1. Once you place label points 7 Å from the Cα toward the Cβ at residue 97 and residue 55, how far apart are they in nm?
2. Order of 44-50, 86-92, 106-112 by packing, highest average Cβ count within 10 Å first?
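Please treat every number below as a calculation from the coordinates, not as lab data. No experiment lies behind these values; they were computed from the predicted model shown. Every residue, glycine as well, gets a Cβ built from its backbone with ideal geometry; the counts of neighbours run over all protein chains shown.
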């Protein structure tokens, strides 16, 4: 029984470790200037959903009420876990609020921003 109760804590710990690998990164944490070229329908839908659910605390990927996302090269699984489980001051978003395909679209958008940002830094 205790192992089952500890499982979410293990996943959150792994997600924190994955996010911590981005700490100290030379990537910028300023807002992204100019729209990234969104190529797929999922990226475009993800932008709309990001603006609806995430933008209030993470405006344009920069810090606001929540930390900047631009310098956090978290893998898709860690992003999904953070959306579903929440972390720190970030609330959890259940499947009744954001459906799985919508989470996929948000992740696609975040990865597109990261790719665009990497190209801009080069």
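1. Here the answer is 1.8 nm between the modelled labels.
2. Result, highest mean first: 106-112, 44-50, 86-92.
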